[in-house]
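Quick note: the coordinates plus some simple rules give every number you see, no bench work behind them. Since we're looking at a predicted model, the values are computed, not measured. Here the Cβ is made from the backbone with ideal geometry for all residues, glycine too, and neighbour counts use every protein chain on show.
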Amino acid sequence: MKSYGWKRLLGLVPLFLGITILSFAVIHLAPGGPSDAKAAFNPKMTAQARDRLREIYGLDRPLLVQYADWVRRLARLDFGRSFVDGRDVREKIAEAIPVTLLINALSLGLIFLVGIPLGVAGAVHEGRPLDRVITAGTLAAFSMPAFWLALLLISVFGVHLRALPVSGVHSLAYEEMTWAEKWVDVARHLLLPVLVSSLTGLAGISRFARGSMLDALRQNYIRTARAKGIPERRVLYRHALGNALLPIITLMGLSVPGLLGGSVIFETIFSIPGMGRLFFNSVFTRDYPVIMGVLVLGAFLTLLGNLLADLGTAAADPRTKTGLLS
Amino acid sequence: MQARSFPALFGAGFFLLVFSAASAAGPAGHGDFFVTASIAEPVNLIPFFATDSASAQISRLVFNGLVKYDKDLRLTGDLAERWDVLDDGLVILFHLRKGVRWQDGAPFTAEDVEFTFQRLTDPAVPTPYGGDFEKVKSLRVLDPYTVEVTYKEPFAPALASWGMGIVPRHLLRGENLLSAGFARKPVGTGPYRLSRWKSGEKLELEANPDYFEGRPFIDRYVCRIVPDPATIFLELLTENLDSAGLTPLQYRRQTQSVFFEKTFAKFRYPSHAYTYLGYNLKNPLFSDRRVRKAIGMAIPKKEIIDVTLLGLGRVSTGPFLPGTWACNPEVQPTVFDPEKAGLILREAGWRDSDGDGVLEKEGKKFSFSILTNQGNETRKMSCEIIQKSLREIGIEVQIHVVEWGTFLKEFIDKKRFEAALLAWQLPEDPDPYDIFHSSRADGGFNFISYASPEADRLLEEGRRLISENERAGVYHRLHEVLNEDEPYTFLYVEDALPAVHRRFRGVEAAPAGIGHNFIRWFVPDPERRYGVERAK
């Protein structure tokens, strides 16, 4: 088990470097550059000023030199400074992480908490009205465009009823609030975003849980259990569910990078200063250091998530464990 | 000092408001917040890097230039009390205001002006405004309140270029401006000072009690960052924002409710920008002036305005702001006349010989593509109307909508386009040298490669003459030349459509917009919404 872990970990290093090389090449291949975005068709921006910008950013050097330089700094965990506002990339990312993480963790929790029981219920009642209702409901939520749902909810709860804030994460008077008021304030602001993002994500996990549960229910050991006369509840929730959850653990692992990946559309509508917007804006201003910073973080988390998923499955499944030990 | 900045026009309405408000606290007390929104986060508040509109908007509240534009877009003193133009415009002598203090208490002097100038012309400082100051031969500090600027040659936009915000020498000396924390914690001389900046959320500015024109009445200016225009509108409807720009659709159809009319005042005036169709003059298709004229004649500009802007705009006739001194009122919009356009094209050798509805000349079809940038629905719709109208006179048009960065780099810079539908912002000084002079065709902003000896001569003269009257004559002629030559087909000037909460008094639309007298806006005591709990 231990050596398996180490082997997997070492295998990630070249993979990680490969990802950075690809990302670096791709963003530099994209037409336009930071100096063009900055000049943004400003008639006062002379060609000399643009060249000066390129020099200052080091963009006049060969791509390989730029990459080597970037890796050297990465080794010291230095992502450089944003081309746009000169701020440390780590600082910019650190500012965007908490709110994205909070929303994603909450909605992911909600998705698993609600989605798994829904899927299991669907599988148990396969083909019957309850199953149909759940399927139709989750798929309807899944097919709804998130921006449309968000605007609709804002319009109803925010504008017509004035029961919830329209957008943002904090009220204007947040800084003057007491600790408890702050807590309520953030909760009120996050209610709709979390709701929207979990509603649209519900379908995937509940369908997955349903399929996985159905597979488990068709296995021979379930028939054996039933034949032995074990009560149906126990058959379903102990024998079948336990096995059906294995692939879901993998799925949880795969959701780890998603925790820090914000959705642009939704962060834009709700005015949430999270990772999605940071990345989106940096792509449009060709802010290479920030783009690379976010991509590296994403790559790192994806690899980590995969690793955790594999190790988690290995730990949960006795067969993998013994197979590795031998 | 206060009396002068108090707009005379607004006097009559002012007294009416005071009596109807009948507030115990008197007409113009201090208090309340003004909450507005910006789609994008400001990038950098240092005046010479503040090129995006969000940064410029905040930067203007924090910093002052030596001169500024008043509500009628005439230059007036700001940090300079007055100035003398000597030696036929070669020398400008600025007499600075005395007793002005930086927001940290240090006195403002001529040294700061000199320092700002040095930074602006420093090759290590990549400011797009450096070009304005290249023509300066020398800048001398005569005494702490007098600065003498000498130019290599007379340069008309020179005076206006001193509207650039002056930065404090004592805080920035020896700092690398690109990474300085000053960009996020600016200290200026302006009416507001930045007190809080939460990235991606909001910027808060507090009234500067020692502002040299008097303390602003509104205590706090809050700029929230709300990236989605639809959300901005919803925030406005819930009164979480006090002001926002409306789209034509919102102005015409979505703000008719009794609630909205009662709560918000709507304004309408021409924005400082024009939209045009520019032709790549290196392309043989457009090198013939008759062809450009014919296309211009076949484009229904009025219809474009009625459809895309719901009528909230006006036909543009040239690169000058309608109603200002540089704009020639004699130049009339081209009359929409597709038949005449057809005749002109025939005269130019284009005819439909194979009967497929598309004109040909020497075996080549009259077909071209219009390029425009992504994210602007109005421009896309305009392209579609042009496509339809040109189809009727036998010209085939394709539309290409391209992302901005790609658009500039791959198509405009490399001149790989046939026609482009774009807009130019109109700066207060009317000089369009960079856009139409033939020397700016390569690497400059004359990307259509327009070269006309007469236009060149007028452009050179227009920036050499100092007197506004003489310049007006030159620009009036230039306006005619551009209209005759039609290197661009000038399409429309959109209206700016801001809405402002009615509790703010003293808001007045002028050629400069509504923000020009912001520091004189106020809210009568009983109507204040914010900052009241602090007084408890």
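Taking 16 Å as the straight-line reach from the Cα of A:Lys7, the aspartates and glutamates in range (excluding those fewer than 8 positions away in the same chain) are A:Asp310. Bridging of B:Lys365 to aspartates and glutamates at a Cα separation below 13 Å is possible for B:Asp352, B:Asp354, B:Asp356, B:Glu396, once same-chain residues fewer than 8 apart are set aside. Take each residue in A:50-60, count the other chain C-beta atoms within 10 Å of its C-beta, and the mean is 2.
For B:Lys98, the aspartates and glutamates whose Cα falls under 18 Å of its own Cα, not counting residues fewer than eight places away in the same chain, are B:Asp78, B:Glu81, B:Asp84, B:Glu111, B:Asp112, B:Glu114, B:Asp143, B:Glu148, B:Asp210, B:Glu213. Annotation for the range B:222-325: GluC sites (Glu not before Pro) lying in DSSP loop with at most 15 further Cβ atoms inside 10 Å of their Cβ are B:Glu239. With a cut-off of 13 Å between beta carbons, the residues surrounding A:Val120 carry a summed charge of +1, where Lys and Arg count +1 and Asp and Glu -1. Taking the helices alone, chain B has a mean residue ellipticity at 222 nm of -7500 deg cm²/dmol, built from -39,500 (n - 2.57) per DSSP H run of at least 4 residues and averaged over all its residues. Computed per residue of chain A from DSSP H runs no shorter than four, each worth -39500 (n - 2.57), the mean residue ellipticity at 222 nm is -24500 deg cm²/dmol. In the range A:95-196, Cα pairs under 8 Å separated by at least six residues give a relative contact order of 28 percent. If each of B:Thr76 and A:Asp215 carries a label point 7 Å out from its Cα toward its Cβ, how far apart are those two points in nm? A separation of 7.6 nm, rounded to one decimal place. In the structure displayed, which of B:Lys302/B:Lys409; B:Lys302/B:Lys340; B:Lys135/B:Lys202; A:Lys92/B:Lys414; B:Lys340/B:Lys388 lie more than 27 Å apart, Cα to Cα? The pairs that break the limit, which is 27 Å between Cα atoms, are B:Lys302/B:Lys409; B:Lys135/B:Lys202; A:Lys92/B:Lys414.
For the listed peptides A:192-199, A:237-244, B:28-35, B:347-354, a ranking on the average number of other beta carbons within 10 Å per residue, highest first, reads A:192-199, B:28-35, A:237-244, B:347-354. Using the Cβ-Cβ distance between A:Arg226 and A:Asp310 with R0 = 35 Å, the FRET efficiency computed as 1/(1 + (r/R0)^6) comes to roughly 0.60. Using a basic spin-label model with each label point 7 Å from the Cα along Cα→Cβ, how many nm lie between B:Arg289 and B:Lys198? Distance between label points: 6.0 nm.
Per-residue packing, averaged as other Cβ atoms within 10 Å, sorts the ranges A:245-255, B:157-167, B:440-450 into the order B:157-167, B:440-450, A:245-255, beginning with the highest. When you restrict to C-alpha pairs under 8 Å that are six or more residues apart and normalise by the size of chain B, the relative contact order lands at 21 percent. For the peptides B:203-209, A:173-179, B:315-321, the ranking by mean Cβ contacts within 10 Å, running from highest to lowest, is B:315-321, B:203-209, A:173-179.
Long hydrophobic helices in chain A: the complete DSSP H runs spanning 27 Å or more by Cα along their own axis with mean Kyte-Doolittle hydropathy of at least -1.0 are A:2-29, A:89-124, A:179-217, A:241-260, A:288-316.
The stretch between B:Ala124 and B:Gln374, if pulled fully straight at 0.36 nm per residue, gains 86.7 nm over its current Cα-Cα span.
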